[in-house]
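**Student:** I'd like to ask you about the structure that follows.
Nothing in this text is a laboratory measurement; each read-out follows from the coordinates by a stated rule. What you see is a predicted model; the values in this text were computed from it and never measured. Please note: Cβ atoms are built from the backbone with ideal geometry, for glycine as well, and neighbour counts cover all protein chains shown.
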């Protein structure tokens, strides 16, 4: 049998596997949408929580500016070691003892008769009935009192104190004032500036001088004795 031409036959396509196709990008785009949505939701939730939470009010920092002419804060004073001034005193001594008990017993007896102080001088317990600037004052008082008493000149012990500059100035002026008071037969106003020292020993002296200034002729003798005693009792603290 004779076959005719194949022009009228349908052409068939031959498909070979595997088929290489270009990957689609549409699926990748859809993958990022849930991630972005989750991030947006988290951010909105955090903002909502932060807005509903109450926090204590915090004061804003205040910057203090010094006004023109305003005083600056006081600078801490520098202390220095200084020796107390030496002072010579004529005393009428009612006794000197090695034992504190014996001195206390005699002190009570003398206190019943008149002014007296008990202090430590040259490592012994001394009882003084009078203090003055010159020998004639002491002799005059000794003749007035009588009894077994002694007249002698004494000097205060050397003591080093740690003082501020203001304390030191006040101390020097105070010792000069005490010398004037010892030489005066009658009380008179103190010439000291209105200043209270810081050091404990000088505070005691300041208190005694305050009492001395307020004393009259009947109490001045004992007040002057107590002032001198505060000098002999000075010690570094």
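**Student:** For region 154-190, name all the residues that are touching a helix residue (DSSP H, G or I) at 6+ places or on another chain (Cβ under 9 Å), farther than 17 Å from residue 84 by Cα, surrounded by 12 or more Cβ atoms within 10 Å (Cβ to Cβ) and without any contact (Cβ under 8 Å) to a residue 60 or more places away in the chain.
**Tutor:** Within region 154-190, 181, 187, 190 qualify.
**Student:** Among the numbered conditions (1) assigned to a loop (DSSP other than H, G, I, E, B); (2) in contact with a helix residue (DSSP H, G or I) (Cβ under 9 Å, 6 or more places away or on another chain); (3) farther than 18 Å from residue 234 by Cα, tell me where residue 137 comes up short.
**Tutor:** The single condition residue 137 does not satisfy is (1).
**Student:** What number goes with the only condition from (1) within 17 Å of residue 222 (Cβ to Cβ); (2) within 34 Å of the chain's Cα centre (by Cα); (3) part of a loop (DSSP other than H, G, I, E, B) that residue 185 does not pass?
**Tutor:** Here residue 185 clears every test but (2).
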